[in-house]
Amino acid sequence: MLDEDVTQVKTLIGVPALAPAPARGDLALGKVLCKQGKLTEAELSEALRQQGEQGGRLGDLLVRTGILEEGDVLRALSELLDMPVMNDLKPEECDTDLALKVPINFARQHRLIPIRRTEAGVELALSDPLEVHALDDVARAVGGELLPILVPSAKIIEAINKVYARQEGGVELGGEKNEDEEYGESEELTDILDLTDEAPIIRWVNSLMFQAVKERASDIHIEPREKELIVRYRIDGNLQEIKSANRNYSNSILSRVKIMAGLNIAEKRLPQDGRIRRKIAGKDIDMRVATAPGINGERITIRLLDRSSVLHDLADIGFGEDHLTVINELIHRPHGIVLVTGPTGSGKTTTLYACLAKINTPDLNILTVEDPVEYQLEGITQVPINSKIELTFASVLRSYLRHDPDVIMVGEIRDGETASMAIQASLTGHLVFSTVHTNDAAGAITRLVDMGIEPFLVASSLVGLLAQRLVRRLCPDCRELYTPTHEELEKLGIDAKAFFSGNLRVPPLRSKYTPPPKGQIYKARDGGCPRCAKHGYLGRMGIYELLLIDNEVRQLALKNADSNTIKQAAIKHQGMRTLRDDGAAKVLVGVTTIEEVMMVTAEDKQ
């Protein structure tokens with residue numbers, strides 16, 4: 001009976017196909033999965049029952065309910081229909097002109113994309129070969145026989161986003177021509193790649209945002225100059241000039257961004273703040289927009305926040321094994337304050353989110369107050385502050401104490417009132433996470449005292465202080481080995497003799513990077529490679545300085561000691577690694593460079 005089902009389904013998906021696939025195709029798929037040991041007969045019966053109630057494909061239902069992985073279904077379909085399986089699909093291998101013969105909405109809906117035309121026919125990546133009507137439409141669109149290849153749907157969607165982004169639609173405004181797919185705007189968050197708008201200014205502005213997301217930019221700077229409008233992206237912490245436009249288009253471009261952000265386009269003398277939310281290439285992106293008047297006109301800065309980003313694990317963002325052990329203990333304490341310090345853009349919020357994700361369980365009541373809420377955390381109440389209606393950090397904190405919280409996260413302690421409320425919360429049995437702007441961990445103690453908090457309250461409430469900076473990670477594909485000089489090692493605080501002899505102790509770090517051989521370290525290759533867009537670096541990671549509030553530090557805090565005295569005591573009694581020490585450790589394991597660490601750390605005074 002199985003052979004008859006297989007023969008029938010193979011006939012039904014013959015290309016071009018002219019008849020719909022019956023439910024027997026799903027039954028045949030289920031039997032193959034049972035034969036492969038992926039399903040039991042009972043599980044198949046239950047899945048078919050649910051399919052009868054809910055409709056849809058059997059394979060989709062099995063994946064959606066978590067019974068099987070998509071790869072299991074594709075392998076079964078491969079055996080059933082005698083089709084090849086390809087686990088990866090590289091967008092650069094897809095023929096753009098051929099792909100564009102299929103509308104992007106259709107391609108996304110049916111999870112398919114033409115790859116290339118061969119003598120035998122057109123290779124087509126797809127994840128559901130039983131959609132015979134769709135195959136028939138594609139065959140007519142591309143004009144030839146189809147050669148279906150089974151590919152995971154996520155890989156197909158990724159290829160669609162990148163291939164259709166190469167579609168013509170760039171706009172020339174007296175500067176660089178952009179070749180990215182254009183956007184549209186929709187309050188219902190329809191993906192911008194699915195929409196078009198023929199207005200050149202709209203297309204030009206939208207292309208800025210699309211390109212920024214594609215290149216992993218964190219900020220877009222739109223800056224009017226005397227003769228032109230310059231656009232710069234901040235990628236991995238570094239500003240890079242991307243394109244320019246004729247000065248005559250400046251007002252139109254700035255007005256377009258202000259309209260998208262809901263700002264007053266007539267007000268050009270005062271700073272304004274707004275927000276844009278768009279779906280770009282399948283991702284929900286929040287954009288915080290800030291304007292500022294200047295001599296050559298208003299400038300606009302747009303910060304991009306990917307709402308669909310996966311939260312990082314603490315190990316993924318750069319914590320060494322020893323730091324992980326201590327941090328894990330701190331975030332599971334019943335009460336106290338854990339402060340993360342560092343300048344703007346040093347990854348403090350990312351670290352706090354990673355801590356919350358680690359302890360986020362149904363038995364804890366976790367509340368946050370942020371400016372703004374950058375990522376939505378399932379199961380956690382998050383409140384964005386709004387100064388216009390006097391919804392401040394302090395007022396929300398005061399209210400939170402009546403909501404029986406276990407853990408409270410305060411986006412930033414900016415003033416004495418917020419600091420006082422945070423300390424009150426910690427002293428009444430709550431664990432509080434927050435950030436403060438200081439150069440190192442010890443500086444947080446003196447900063448709180450400067451805000452008017454009594455030293456005995458600071459000493460009794462704080463449990464841990466974490467300073468951090470971000471350094472760029474070396475591109476794993478093109479990093480190069482070299483032998484450092486004694487002078488370079490000494491600047492970083494590395495014992496040259498121990499380094500070259502191989503006797504240097506390096507704190508363990510979970511990393512996929514292969515450590516360098518004895519007596520060598522890695523550097524960025526000049527000109528990089530295609531994977532890192534020729535920068536030599538790919539992404540960023542943290543370097544950390546973790547200070548525990550032990551009896552020694554607590555006594556110094558009570559005496560109102562300066563931050564350097566506290567820091568030296570922590571180094572002596574706790575063995576605390578400074579920011580530069582931790583950066584040096586990451587250089588030694590091959591994930592960053594001496595130049596990166598030197599750039600973001602100051603030499604520690606002894």
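The values are calculated or read from the model by the stated rules, or taken from the named source; none is laboratory data. Computed from a prediction, not measured in an experiment: that's the story for all the values here. When we count neighbours, we look across all protein chains shown, and the Cβ atoms used for this are built from the backbone with ideal geometry, even at glycine. For the accessible areas, the whole protein counts, side chains as well, though only heavy atoms, and no ligand, DNA or RNA atoms are used. Shrake-Rupley method; radii C 1.70, N 1.55, O 1.52, S 1.80 Å.
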- Kindly identify the stretch 345-384 as rounded, prolate or oblate by the Cα gyration tensor criterion: order the square roots of the eigenvalues as a ≥ b ≥ c, call it rounded if a/c is under 1.5, otherwise compare a/b with b/c, prolate if a/b is larger, else oblate. oblate
- Note on the structure: In nanometres, the difference between 0.36 nm per residue of separation and the alpha-carbon distance of Lys214 and Thr483 is 93.3 nm
- Note on the structure: The answer for the chain, accessible area per residue at 1.4 Å probe in Å², is 46
- Message: From the helices alone, meaning DSSP H stretches of at least four residues, give me the mean residue ellipticity at 222 nm for the chain, per-run term -39500 (n - 2.57), in deg cm²/dmol to the nearest 500.
- Response: -10500 deg cm²/dmol
- Query: Roughly speaking, what is the stretch gain from Glu595 to Glu267, that is 0.36 nm per residue apart minus the C-alpha to C-alpha distance, in nm to one decimal?
  - Reply: 113.8 nm
- Against the longest principal axis of the chain, how steep is helix 70-81, in degrees 0 to 90 to the nearest 10, with axes from Cα atoms? 10
- Specify whether the C-alpha gyration tensor of the stretch 429-575 places it in the rounded, prolate or oblate class, a ≥ b ≥ c being the square roots of the eigenvalues: rounded for a/c under 1.5, otherwise prolate if a/b is larger than b/c and oblate if not. prolate
- Rank Leu492, Asn161, Thr291 by how far each Cα sits towards the positive end of the charge dipole of the chain (+1 on Lys, Arg Cβ; -1 on Asp, Glu Cβ) and give me just the farthest. Leu492
- Note on the structure: For the chain, the charge dipole (Cβ of Lys, Arg +1; Cβ of Asp, Glu -1; about the Cα centre) points to a positive end, and the Cα of Pro343, Ile253, Gln109 closest to that extreme belongs to Pro343
- Item | Interatomic Cα distance distribution for the stretch 377-459, bins of 10 angstrom, percent | 16, 51, 28, 4
- Tell me, what is the percent relative contact order of the chain, built from C-alpha pairs under 8 Å that lie six or more residues apart? 8
- Note on the structure: So the angle from the long Cα axis of helix 2-12 to the longest Cα principal axis of the chain, reported in degrees to the nearest 10, equals 90
- Message: Taking loop as defined by DSSP and a crowding limit of 12 other beta carbons within 10 Å, which GluC sites (Glu not before Pro) in the stretch 225-323 fit?
- Response: Glu226
- Item | Cα lying deepest toward the dipole's positive end in the chain, options Asn360, Leu61, Cys478, charges on Cβ | Cys478
- Measure nothing fancy, just the Cα-based angle from helix 321-330's long axis to the longest principal axis of the chain, in degrees from 0 to 90, nearest 10. 80
- Query: How would you classify the stretch 231-348 from its alpha-carbon gyration tensor, with a ≥ b ≥ c the square roots of the eigenvalues: rounded for a/c under 1.5, else prolate if a/b is greater than b/c, otherwise oblate?
  - Reply: prolate
- Message: Please give the charge dipole size of the stretch 213-302, origin at the Cα centre, charges +1 on K and R Cβ atoms and -1 on D and E Cβ atoms. Round to the nearest 20 debye.
- Response: 240
- Taking the Cβ-Cβ separation of Glu43 and Arg333 as r and a Förster radius of 30 Å, what is the calculated FRET efficiency to the nearest 0.05? 0.10
- How many angstrom separate the Cα center of the stretch 362-432 from the Cα center of the stretch 311-334? 21
- 16 Å Cα-Cα reach of Lys162 towards lysines, excluding residues that sit fewer than 8 places from it in its own chain: Lys90, Lys101, Lys214, Lys279, Lys283
- Message: Out of the total accessible area of the stretch 79-148 (probe 1.4 Å, heavy atoms of protein only), what percent is carbon and sulfur?
- Response: 45
- Query: Between the stretch 33-95 and the stretch 266-287, what is the C-alpha centre distance in whole Å?
  - Reply: 40
- Message: Between Arg225 and Asp284, what is 0.36 nm times their sequence separation minus the Cα-Cα distance? Round to one decimal in nm.
- Response: 18.1 nm
- Expressed as a whole percentage, what fraction of the accessible surface of the stretch 305-425 belongs to carbon and sulfur atoms when a 1.4 Å probe is rolled over the protein heavy atoms? 48
- Task: Report the local net charge at Gln574: Lys and Arg +1, Asp and Glu -1, summed over other residues whose C-beta lies under 12 Å from its C-beta.
- Result: -1
- Cα-projected label distance for Thr65 with His437, points at 7 Å along beta-carbon direction, nm: 5.4
- Query: Relative to the compact globular guide of 2.2 N^0.38 Å, what is the alpha carbon radius of gyration of the chain, as a ratio?
  - Reply: 1.13
- Item | Protection proxy ranking of 50-63, 130-143 - average other beta-carbon atoms within 10 Å, highest first | 130-143, 50-63
- Would you work out the charge dipole size for the chain about its Cα centre, treating the Cβ of every Lys and Arg as +1 and the Cβ of every Asp and Glu as -1, and quote it to the nearest 20 debye? 1460
- Item | Modelled label reach - Gln36, point 7 Å along Cα→Cβ, the stretch 126-160 residues with backbone N closer than 11 Å | none
- Note on the structure: If R0 = 56 Å, then Glu490 and Asn365, at their Cβ-Cβ distance, give a FRET efficiency to the nearest 0.05 of 0.65
